[in-house]
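Notes for the one structure printed next.
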Amino acid sequence: MLSGAGISKRKELELFGRERMQDGQEERRRSSSSSSCFVKPSRFAMEEPTAHLYVANCGPAVGIPISVIRDAFSMFGRVTSVLQPAGDSSGSRVYVSYVNVSDAVAARQAWNGRPCDLLQGRVMLIQHAVPQQQQPPVEAQVPVFTLTKDIDIPGLSLYTDFISPEDEQELLTAVDAEQWTTLAKRRVQHYGYEFLYKTRNVDKNQKLGGLPLSVEPVLSKVALLSEMTHAKEPSLPLDQLTVNEYPRGVGLSPHIDTHSAFQGSIISLSLAGPCIMEFRKYKKKTATPVDEISHVPDLQEMSHQEDGVNDQEVANLRQLNMEMERKALFLPQRSLLIMSEEARYAWHHYIPHHKLDDINGQIVSRGPRRVSFTFRKVRSGPCTCIFPEQCDSQQPHLSTLFPSNDDNVREPCTTTSEDAYNEISYCATLSCNSETENSSESSSKTVPSLVKPFNSVTPEIEKTYVHKVYDAIAPHFSSTRFAKWPKVALFLNSLEAGSVIADAGCGNGKYLGLNPKCLFVGCDISPPLVEICTQQGHEALVADALHLPYRTGFCDAAISIAVLHHLSNEGRRVRAIEELLRVVHKKGKVLITVWAVEQEDKKLLSKWTPLTCKYMDEWVDDVGTKFKQNLSTSSLGSIKEGSNEDLKELTLEKDLVEQQEYFVPWHLPYHRAEVGGASAAAVASGLAKKDDTKRAVVYNRYYHCFVEGELERLVSGVPGARIIDQFYDKSNWCVVIERL
């Protein structure tokens, strides 16, 4: 039995929980119309003080009710409102508005980057928010339907609880016992016929065999459905199955399954977790300008929303005078979705890249993974559907948008490289539809604008918190970098005599010349570090690891030691891996090491500053979704050593955010010569801070720490790469790759 104190405590928790829920409901109602009236200043811009504050790492999701936030900030002056950002499901960010600008300035000066006792000791990141011009109200998000009769898309059917939990577990056990194929962001299995991602089709002459026995009960139930027995276009017998495993947060880009590949219905069984599937239809507008579309959200506004329409898509729609209709359907765990006729042939389907789905106000977590079983029937002849605009049989140029012989085609819009071949990008479809049917030349001209090129512009965070920092600390950094890691030495000493070895990101050159029987060439982005290398007699030059200055296939081996974790988005990390692989010949080997989240010395994490916000348009998360949060440069100081509680408070709840982004301090002692002009200027500019307690100038270095399996996933998505070894060593994840 509970004691009187226990009962009292339980009631207190219940009341607190009810208060948080009521706060959240009230603020969601108010923020849907109000918080969208604020925008944050651009990164690193000089802020003009306003009466409004953007406060990160504070809100209901981290245990602080809105009413408590209002009371705390009221100590500086009269607070008019505390609102959550519209469309923000995390609940860890708020806008605080004052009557007077001076009150907002005082609050920011007092609490930005410092523990706040009134708010559970949290360390908040605070900026002045900028009121934006009032715009016509737009739809906050696409309405999510739970029944297909309400969504009104012909040919779309959903059956909930199509199989039992026991049957679900048997299916999952069966596929997990088989061999998975790893793509860039998910794993797949193919049965009946292999789906060929480069051609977006199947080879009808290469049958893999029948579908597995484990799915026979599902096929028997499907065959009895009215959509199958009364179908206008036969879908039975189903003879192709693709099983997709989506990790939490990974979605699927907008696409229509290739018309010429499959006939009849596309059938998808959702296991292990739920998701939202969005459907999009594009059509020519009549006389109404795109800016005044009333039945869909404003396209320009959507281009700035998470998982909305990107700038390329907006440009295509405007240029072609197109409009888009969007509808969403919730797919529960163990549900069966059938797409036939118009739903299958004319509507793009899409799974947003979310870890949490907002089902009309109810937040639903996707769970650790979602596994879909997609059943299809391979088509024996050309497609003759009544939707020629989307049909590659009736418009052959659609099938040549992504050349099948180009292994290096990157992601169109937001798709992965594998998905690029699987999915007919709607950007591509719209562009091709605007061309004349007899102009293959004009069709080919659309390709460069559709395949997103690699963005070679270095993000500001790397320029500031990697390049400038290492230039400033180079001599001191070099004096601490002399020990050779045994595993790196073992790799280098295993290479044949006379091998040419490239060290990309060679730093002070401690590995250059380690094997005296080999020839080493090094490069680094930092001129002072390269100068140190040349003073020691090494061959080294200043170069970017994403644009290595070596001929393709020139080297026998390459190493990248502690470099990739300084690159601030996944696209740049993948490009660096591609470059390492490019410069070695076939059968050449590459060793890559990166810092791990799983540090052997856990106390180190308490000395690092977790970055719970990301730079607008600079950082992209692991599933391709742009964040719009901004981080104030004045809050980038390191956390005090041993402050584990601060670390816990700064990190968002584990099930919401996997913390991988850090600022790691470098202490440059006052007695070092470098503390002179360059460091004085760095302190004056805010790049570094003085720590009189430790008698050092403190710089922050940007790191993206890798989780287990992340490096292998990136490498697996690079064409021509084969992992021959992977291991954990000295708080680093490491892989050895062979070029095929």
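Take the residues in segment 159-187 that are of a type in the set (A, V, I, L, M, F, W, C) and either under 16 Å from residue 241 (Cβ atoms) or assigned to a helix (DSSP H, G or I) (or both); name whichever of them is nearest to the chain's Cα centre (by Cα).
Result: 180.
Residue 242: in a strand (DSSP E or B), of a type in the set (Val, Ile, Thr) and at pLDDT 90 or above, yes or no?
yes
Okay, residues lined up against (1) modelled with pLDDT of 80 or more; (2) open to solvent by 10 Å² or more (accessible area, probe 1.4 Å):
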{"residue": "118", "(1), (2)": "yes, yes"}
{"residue": "126", "(1), (2)": "yes, no"}
{"residue": "129", "(1), (2)": "yes, no"}
{"residue": "132", "(1), (2)": "no, yes"}
{"residue": "137", "(1), (2)": "no, yes"}
{"residue": "142", "(1), (2)": "yes, yes"}
{"residue": "147", "(1), (2)": "yes, yes"}
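Those residues that are crowded, with 22+ Cβ neighbours inside 10 Å and not in a strand (DSSP E or B), I need them from segment 554-568; list them, please.
The answer is 563, 564, 565, 566, 567, 568.
If you go through segment 42-62 one residue at a time, how many are surrounded by fewer than 21 Cβ atoms within 10 Å (Cβ to Cβ) and modelled with pLDDT of 80 or more?
3
What pairs come up if the first residue lies in segment 200-226 and is closer than 19 Å to residue 170 by Cα and free of Cβ contacts under 8 Å to residues at least 60 places away in the same chain, the second is assigned to a helix (DSSP H, G or I) and among the charged types (D, E, K, R), and their beta carbons are under 7 Å apart, counting only those six or more places apart or on different chains?
Within 7 Å, the pairs are 214/170; 217/167.
Could you tell me which residue of segment 343-357 is farthest from the chain's Cα centre (by Cα), considering only residues that are buried (at least 18 other Cβ atoms within 10 Å of the Cβ) and part of a strand (DSSP E or B)?
In this case the residue turns out to be 348.
In the set 67, 90, which member is in contact with a strand residue (DSSP E or B) (Cβ under 9 Å, 6 or more places away or on another chain), open to solvent by less than 50 Å² (accessible area, probe 1.4 Å), among the small types (Gly, Ala, Ser) and modelled with pLDDT under 85?
Among 67, 90, only 90 is in contact with a strand residue (DSSP E or B) (Cβ under 9 Å, 6 or more places away or on another chain), open to solvent by less than 50 Å² (accessible area, probe 1.4 Å), among the small types (Gly, Ala, Ser) and modelled with pLDDT under 85.
Do you know which residues across segment 202-226 are more than 15 Å from residue 269 (Cα to Cα) and either assigned to a helix (DSSP H, G or I) or basic (Lys, Arg) (or both)?
Selection gives 204, 207, 213, 226.
Please work out which one of (1) crowded, with 22+ Cβ neighbours inside 10 Å; (2) touching a residue at least 40 places away in the same chain (Cβ under 8 Å); (3) within 31 Å of the chain's Cα centre (by Cα) is the condition residue 491 fails and give its number.
Residue 491 satisfies all of (1) crowded, with 22+ Cβ neighbours inside 10 Å; (2) touching a residue at least 40 places away in the same chain (Cβ under 8 Å); (3) within 31 Å of the chain's Cα centre (by Cα) except (3).
The values are calculated or read from the model by the stated rules, or taken from the named source; none is laboratory data. Here the structure is a predicted model, which means the values were calculated and not measured. Here the Cβ is made from the backbone with ideal geometry for all residues, glycine too, and neighbour counts use every protein chain on show. Heavy atoms of the whole protein, side chains included, go into the accessibility calculation; ligands, DNA and RNA do not. Shrake-Rupley method; radii C 1.70, N 1.55, O 1.52, S 1.80 Å.
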